[in-house]
1. Which of the residue pairs Lys147/Lys182; Lys122/Lys153; Lys32/Lys167; Lys63/Lys100; Lys61/Lys230 have a Cα-Cα distance greater than 25 Å in the structure shown?
2. Which ³J(HN,Hα) values, rounded to whole Hz and listed in residue order, are derived for region 194-211 from phi using the Karplus coefficients 6.51, -1.76 and 1.60 in 6.51 cos²θ - 1.76 cosθ + 1.60 with θ = phi - 60°, glycine and proline given as x?
3. So which trypsin sites (Lys or Arg not before Pro) in region 105-203 are both in a DSSP loop and have at most 14 other Cβ atoms within 10 Å of their Cβ?
4. Quote the relative contact order of the chain in percent (integer), defining contacts as alpha-carbon pairs under 8 Å separated by 6+ residues.
5. Would you calculate the volume per residue, in Å³, of the smallest convex hull containing every Cα atom of region 119-258?
6. Once the piece of chain linking Asp194 and Glu151 is laid out straight, how much longer is it, given 0.36 nm per residue of separation minus the C-alpha distance between them?
7. Note down the nm distance, to one decimal, between modelled labels 7 Å out along Cα→Cβ at Val80 and at Ala225.
8. Between 0 and 90 degrees, rounded to the nearest ten: what's the tilt of helix 2-22 against the longest Cα principal axis of the chain?
Amino acid sequence: MRYKTAMLMGILITATGLMAQQKLTGLEVMEKVYNRPKGNDMEATLTMILINSNGDKRVRKIKQYIRDFGKVEKKIMFFVEPADVKNTSFMNWSYDDPNKDDDQWIYLPALKKVKRISSDSKGDYFMGSDFTYDDLGNRKPEEDNHKILREEKYRGEDCYVIESTPKDPDYMYSKTITWVIKGKWIGLKREFYDEDGEYLKTLNVKKYEKINGVWVLTEVEMDNAQTNHKTIMKLSDIKINSGIPARMFTERMMKRGL
């Protein structure tokens, strides 16, 4: 009996040790989100809906192109509707190097000039939306400290709830809290807190689907609690791995447009 008990204890200890080894850290969870397969490139039509505190809506149509070049991911957006923003374009280059910030540019047709977005301007809101320029880039997991607050179900999905605090004390958000779907590694919901630690806004992924083996967020909503303003972004006409040429991601193309 003593032998069997000792054997059972050994099995339990080994199993417990294996479970402890398999448990992910907050950083590992956010790395899985960041490294989730996205395909070599993607093009889509983006509908941006801006809703103010009175419920009034403004709708903008955008053509978006993204391509992974290995050490850098490039994104370019061309506004096609309405007339007051037509031919405006935005470009973002996100680097794998954790010590290198995203490069961003905007082209305003009225000025006929490509303007580089400075680091001081990345907290500004993009084209009247509730997304800052920084939100449109790819924040690297290494830029924050992450911890798992808890595990819970959200909208029927098993999620890790991750609190991320910036290593840079001057960053625009004091923290974010993200609900990450286990296995799919999709950030289903993210709360943003301003520099004073006050709740600012929430990003909710309303719809997502698998296209050519890649999870694509097809509808997201950013709800700003401090301004009572909302931005909805919907993707359609999505193409994965269509072979977008490198020449698409240049300042020349920003000026030329589609």
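1. Numbers: Lys147/Lys182 15 Å; Lys122/Lys153 33 Å; Lys32/Lys167 20 Å; Lys63/Lys100 27 Å; Lys61/Lys230 17 Å.
Over 25 Å Cα-Cα: Lys122/Lys153; Lys63/Lys100.
2. Going residue by residue, I get 6, 4, 8, x, 8, 4, 10, 7, 10, 9, 10, 8, 7, 9, 8, 8, 9, 10 Hz, with x marking Gly and Pro.
3. On the way: sites: Lys112, Lys113, Lys115, Arg116, Lys122, Arg139, Lys147, Arg150, Lys153, Arg155, Lys167, Lys175, Lys182, Lys184, Lys189, Arg190, Lys201; in loops: Lys112, Lys122, Arg139, Arg155, Lys167, Lys182, Lys184.
Of the trypsin sites (Lys or Arg not before Pro), the ones in loops of region 105-203 whose Cβ has at most 14 other Cβ atoms within 10 Å are Lys112, Arg155, Lys167, Lys182.
4. Working: 516 pairs, mean separation 51.6, N = 258.
The normalised contact order for the chain reaches 20 percent.
5. On the way: hull volume 21.5 nm³, N = 140.
Per residue, the Cα convex hull of region 119-258 comes to 153 Å³.
6. Values: separation 43, 0.36 × 43 = 15.48 nm, distance 2.44 nm.
My answer for the length gained is 13.0 nm.
7. Distance between the two pseudo-spin positions: 3.7 nm.
8. Helix 2-22 sits roughly 10 degrees off the main axis of the chain.
All of the numbers you see were taken from the coordinates with simple rules; none came from a lab. Everything quoted here is computed from the prediction, not taken from an experiment. Every residue, glycine as well, gets a Cβ built from its backbone with ideal geometry; the counts of neighbours run over all protein chains shown.
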